[in-house]
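Values quoted throughout were computed directly from the atomic coordinates according to the rules given, and no laboratory measurement underlies them. Everything numeric here is computed off the predicted structure, so don't read it as measured data. Cβ coordinates were reconstructed from backbone atoms using ideal geometry, including for glycine residues, and neighbour counts include every protein chain displayed.
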Amino acid sequence: MASVVPHSRDWLKALPTANCSLRLDDEAVRVAVGMRLGLALCAPHSRPCGDQVDAQGLHAMVCKKAPGRIARHQVLNNYLSSASIPGTEKPSGLVRQDGKQPDRLTLIPWQDGKSLAWDVTVVSTLAHSYVDRAATGVRMVAKLAAERS
């Protein structure tokens, strides 16, 4: 469903401009196109987490121990931080009762004299816990993730 949503293929039209972080290396293009077309991307194998990885390699997108998950989170935070707005990472004193903490807080007032805090959440529509919800409609997984946070 995600591949037929308006603008879902706009990334294919982006000019590969390194200055704007719009350049993908060859491996990233190979994986992105392979996933979009459902091609085999790797040899099936076992992971240290105990799960089996199929030839499409989708496990890397859903495994909580996969290094790519942390990298995607960091890339999004870096992108938001690149706006040249003075801020602090993992601000102390803003921990909620559930232990969650925002990723960043602006040092200058954003609106109505209040600072802006954000926390990046990376979810995958391919995760077992989200597959049923993803099949019911576009943006359903994002809505569920927002409700959980």
Exercise for review: Using only the Cα atoms of the chain, build the gyration tensor, take square roots of its eigenvalues as a ≥ b ≥ c, and label the shape rounded, prolate or oblate: rounded if a/c is under 1.5, else prolate if a/b is larger than b/c, else oblate.
Suggested key: prolate
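Restricting to DSSP H runs of at least four residues, report the calculated mean residue ellipticity at 222 nm for the chain, -39500 (n - 2.57) per run over all residues, nearest 500 deg cm²/dmol.
Numbers: 5 runs with 44 residues, N = 149.
Using -39500 (n - 2.57) per qualifying helix, the result is -8500 deg cm²/dmol.
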Practice item. Tell me, rounded to the nearest percent, the portion of alpha carbon pairs in region 37-110 spaced more than 20 Å apart. Key: 53
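If you put +1 on each Lys and Arg Cβ and -1 on each Asp and Glu Cβ, how big is the dipole of region 34-131 around its Cα centre, in Debye rounded to 20? Mind dumping the intermediate values first?
Working: 11 positive and 7 negative charges, 21 e Å.
That gives a dipole near 100 debye.
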Point to revise | Most mobile listed residue (A28, A66, A55) in the chain, GNM with C-alpha springs under 10 Å | key: A28
Review point. Mean Kyte-Doolittle of at least 0.5 and a Cα length of 18 Å or more along the axis: which whole DSSP H helices of the chain meet both?
Key: none
Revision key, fill the gap. The summed charge of the K64 Cβ neighbourhood (under 13 Å; Lys/Arg +1, Asp/Glu -1) stands at +3
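So if each residue of separation counts as 0.36 nm, and I subtract the Cα-Cα distance between L116 and L37, what length gain in nm does that give?
Details: separation 79, 0.36 × 79 = 28.44 nm, distance 3.90 nm.
Contour length minus Cα-Cα distance gives 24.5 nm.
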